[in-house]
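One structure is given below, encoded as structure tokens.
Read-outs throughout are calculated quantities, based only on the coordinates presented, and are distinct from any laboratory measurement. These figures come from a predicted structure and were not determined experimentally. As a convention, Cβ positions derive from the backbone with ideal geometry for all residues, glycine included, and neighbour counts pool all protein chains shown.
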Amino acid sequence: MFHDADALLLARIQFGFTVSFHFIFPAFTIGLASFLAVLEGLWLKTGKPVYLDLYKYWLKIFAVTFAMGVVSGIVMAYQFGTNWAVFSDRAGPVIGPLMAYEVLTAFFLEAGFLGVMLFGMKKVGKGLHFFATLMVAIGTMISAFWILSVNSWMQTPAGYAFNTEGQFVPADGWLPIIFNPSFPYRLVHTVIAAYLTTALVVGAVGAWHLLRDSAQEHSRKMFSMAMWMAALVAPVQVLVGDLHGLNTLEHQPAKVMAMEGHFQSHSGGAPLILFGIPDDETQRMSHVLEIPRLSSLILKHDLDAPLAGLDTIAPENRPSVEVVFWSFRVMVGLGILMFMLGAWSLLARVAGKLYDWRGLKRFAVLMGPSGFVAVLAGWITTEVGRQPFTVYGLMRTAESASPLAAPAVGASLVAFVIVYFAVFGMGTWYLLRLMSRPPQPHEPQPANVPAHAAGITPAPALAGQKEKGHV
Amino acid sequence: MTDSTTLTHIWAAILAFAVFMYVVMDGFDLGIGVLFPVFGVGKERDTAMNSIAPVWDGNETWLVLGGGGLLAAFPLAYAVIMSALYAPLIAMLLALVFRGVAFEFRWRDPAHRAGWDIAFTGGSFVAAFTQGIMLGALLQGVTVQGRAYGGGWWDWLTPFSLLTGASVVVGYCLLGACWLNWKTEGGTQQHARRLMRILAPLTLAAILAVSLATPFLGNEYFERWFSMPRVLFTAQVPLVIVILTWRFARSLRRNYELAPFVLTLAVFGLSFVGLGISMFPYLVPNSITLQMAAAPASSQAFMLVGAAVLVPLILAYTAWSYWVFRGKVAHEGYH
């Protein structure tokens, strides 16, 4: 369809850039919305003001993050068409309805109740406000459900046929499409990642304030809650990640070969390569540090199992090992650190020193942004590992692109980079500023709560006259 | 076959509804954004923004439904239109980024509030202007080769698309002013009323100009409007607009609060019907009909099940959310 390699590369960079940037925000808001629902629920149940204060504290942070997620998400709804027109035309009949369901079941739900959640505390009853918070939290979950179903279908396409125009069309109902083979694993793995990401941020903010004042009630509460989350969920994530990996091995073996850095097949037990320098050009790994047979044990649960390498895959179908090998190691390395943080906090808790060990608090602060890095690294692993296909094994990335001219994509890429770094850079700065202040008793509302005069209140005539000067 | 035709028409109607919802709902948000600098720093601006802060996100979601729904129900049209309108579309998306974050950022950073106010206005203006440009670019037709866009990168830029761009900006501003007339009081409301007196004639002139230019774009528009017996039906559209204009002028003289907003919505609705008359049965004029672009019946049917239940539900809780924030908005929050 289209042969301009530069435009294709630029289109890929642009899409990768906009989608990665966008992903950061929902990775945080999915967990944060649930956290807020828990806080408000606990407040309603116990009546303890500390929960309400924490709710209001994190609500401000949620509002800023959510706004950035919304505006970067709208971009995504159109980037499929601007950059991947042929893919949109051909895969639209299958993935389009799933994305439409995401809008209908999730986006409207979140947006419809967000206004009440942010600004409605004094306008509706407590129960109704809690309901609004719940709807927003559930909306983020439903959104994850649909978009990960779409993404999984691109990784492990199922339940499709082709029509005369070459479009993918549903073959026998929608369940095989929605619940395609990799979807359940990816959904659980990603949602847990979002929860961990949020727990690490909340824990870091709590730890930061505890380092200054280890008696501060609010900081203690959120630090404790976050450390429970990390301690309980990080081990689960290790397990789920393993299952997800085995599922990938079954359906996308080339991706796992790239993750493991296995250019060559192993007839006996394959080693686990801890570190090495992969070279896509020569298809060789240099400076290798490896543990014999461990890869076979992890992937096949058998020390002597043979493992195929990328040499069994046609050269034109191999993903880039240079990217996937490293991104996978970043994700796993951070996952291990998260596991250690959780374990350390349990130890401190048992010792009755959860709020006292400075090392633990410092470690928690350091780990604050690690969830975002791990999520992005995992995302890169799975997406780059899918290459050179958009629909795995069926449709190539090169034949998916819009008929774009390189200057048009290049110019818009530059615009996206400048705007995103400027705007979301400022947004991140505001978030850090909000977090740098400890939560207070009687935490104020979000600063921009619109106060509504009652409908029957007469107009403040004086105010009207003062405003005249501005006309 | 007839079943799938019906299905396709239903989806065309649902998408048209989504786009219309977007135009009128985000229309007043964007219009307030464009008018922002006219309002005084402080109370007036705070009031104007507070009147839309709880609802803008929901309003903008209709745009996502428009895009997502087009991909799902008419993937070919989505693919062609998004490529054809590449430049204005990217500009609109970036503009919406500035506009959207300004709602939060302007309160977080009083030192740079003036800067975020400019971002709010600039973003609103560019979004409105590019939306109008895209409307014009689509109406004038795009080049299609096979199943892809076959034109150049600046095809969208013509005097006609600039005219529709400017028209949409003016129309959104009128919607915004009418909204403020309804939702605010005192100085802000007086201010909005003065703006309405200027914007209403401008909007009418814009509608007239676009209506006069459209039949001469080719694409069989002239026949769709003026051939017998169609003209008996199509002539009702300008007729009703004349009546609505008269009612609008009256409501303005009598200082009604809600009526001007509703009447403006009705004018937008009629203009939208006019667009439908020009376009139908094409999604891309002269090259792609609804039928050609339609996703298979199984895809459209699957979504229709959901839409039939969910769209009324969405309308219900959206209405509830507006109801929660009913009444006049005051300027001071808990800053």
Could you point to the residue in B:Ala87, A:Thr397, A:Gly359 farthest towards the positive end of the protein assembly as shown's charge dipole, with +1 and -1 charges on the Cβ of Lys/Arg and Asp/Glu respectively?
-> A:Gly359
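How much mean residue ellipticity at 222 nm does chain A get from its helices, if each DSSP H run of length 4 or more adds -39500 (n - 2.57) and you divide by all residues, to the nearest 500 deg cm²/dmol?
Helix-only estimate at 222 nm: -23000 deg cm²/dmol.
Return the average number of partner chain Cβ atoms within 10 angstrom of each residue Cβ along peptide B:185-197.
Values: counts 9, 11, 13, 5, 3, 6, 5, 0, 0, 1, 1, 0, 0.
Mean partner-chain Cβ count within 10 Å for B:185-197: 4.
Using r as the Cβ-Cβ distance of B:Val41 and A:Val238, and R0 as 45 Å, what FRET efficiency do you calculate, to the nearest 0.05? Walk me through the numbers on the way to the answer.
On the way: r = 54 Å, r/R0 = 1.20.
After rounding to 0.05, the efficiency reads 0.25.
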Assuming a ≥ b ≥ c are the square roots of the Cα gyration tensor eigenvalues, decide whether chain A counts as rounded (a/c under 1.5), prolate (otherwise, with a/b larger than b/c) or oblate.
-> oblate
Say R0 is 60 Å: what FRET efficiency, to the nearest 0.05, do B:Leu258 and A:Ala171 get from their beta-carbon distance?
-> 0.70
Using alpha carbons only, how many degrees (0 to 90, rounded to 10) separate the axis of helix A:126-155 from the longest principal axis of chain A?
-> 10
For helix A:370-386, what angle does its Cα long axis make with the longest principal axis of chain A, in degrees from 0 to 90 and rounded to 10?
-> 30
Using per-residue counts of other Cβ atoms within 10 Å, averaged over each peptide, order B:227-233, B:57-63 from highest down.
-> B:57-63, B:227-233
Local net charge near B:Phe103, Cβ-Cβ under 10 Å (Lys/Arg +1, Asp/Glu -1) | -1
For chain B, compute Rh as the Kirkwood radius over C-alpha pairs and then the Stokes-Einstein diffusion coefficient at 25 °C and 0.890 mPa s; write the answer in µm²/s, rounded to an integer.
-> 118
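What number comes out for the charge environment of B:Gly171, summing +1 per Lys or Arg and -1 per Asp or Glu over other residues with Cβ under 14 Å away? Please list the in-between numbers first.
On the way: positive: none; negative: B:Asp26, B:Asp29.
Net charge around B:Gly171: -2.
By average Cβ neighbour count within 10 Å, what is the ranking of B:31-43, B:86-98 from highest down?
Working: B:31-43: 21.7, B:86-98: 23.7.
So the peptides B:31-43, B:86-98, ranked by packing, come out B:86-98, B:31-43.
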Percent of all Cα-Cα pairs per 10 Å bin for the protein assembly as shown, counting from 0 up to the last occupied bin, reads 2, 13, 22, 24, 20, 12, 5, 2, 0
Which value in deg cm²/dmol, rounded to the nearest 500, describes the helix-derived mean residue ellipticity at 222 nm for chain B, given -39,500 (n - 2.57) per DSSP H run of n ≥ 4 and division by the residue count?
-> -26000 deg cm²/dmol
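Using the Cβ atoms and a cut-off under 14 Å, what net charge is assigned to the surroundings of A:Ala158, where Lys and Arg are +1 and Asp and Glu are -1?
Details: positive: A:Arg186; negative: A:Asp172, A:Glu250.
After counting each charged neighbour, the total is -1.
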Hey, what does the equivalent ellipsoid look like for segment A:230-403, semi-axes from the Cα gyration tensor as sqrt of 5 times each eigenvalue, largest first, whole Å?
-> 34, 20, 14
Which angle from 0 to 90°, rounded to the nearest 10, does the C-alpha axis of helix A:358-367 make with the longest principal axis of chain A?
-> 70
For B:Leu283, distant residues with modelled amide H under 5 Å away | B:Ile288, B:Thr289, B:Leu290
Based on other C-beta atoms within 10 Å, arrange A:Phe183, A:Phe108 from fewest to most.
-> A:Phe183, A:Phe108
Could you pull out every residue, at least 5 positions away or on a different chain, whose amide H is within less than 5 Å of the one on A:Phe389? Hs are placed 1.01 Å off N in the peptide plane, and Pro or chain starts have none.
-> A:Thr397
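What average number of partner chain Cβ atoms lie no more than 10 Å from the Cβ of the residues making up A:130-136? Spell out each step's value before the answer.
On the way: counts 0, 0, 4, 0, 0, 1, 0.
Averaged over the peptide's residues, the number is 1.
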Mean other chain Cβ within 10 Å across B:292-302 is 5
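Arrange the following residues from fewest to most other Cβ atoms within 10 Å of their Cβ: A:Leu232, B:Leu212, B:Leu7. Could the numbers behind the result be given before it?
Working: A:Leu232 13, B:Leu212 9, B:Leu7 21.
Taking fewest neighbouring Cβ atoms as first place, the list is B:Leu212, A:Leu232, B:Leu7.
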By counting other Cβ atoms within 10 Å of each Cβ, how are B:Arg99, B:Arg247 ranked from fewest to most?
-> B:Arg247, B:Arg99
Any DSSP H helix in chain B with Cα axial reach of 24 Å or more and mean Kyte-Doolittle score of at least -1.0? Listed by number, the hits are B:2-35, B:56-73, B:86-108, B:113-140, B:159-183, B:186-213, B:236-253, B:259-279, B:297-324
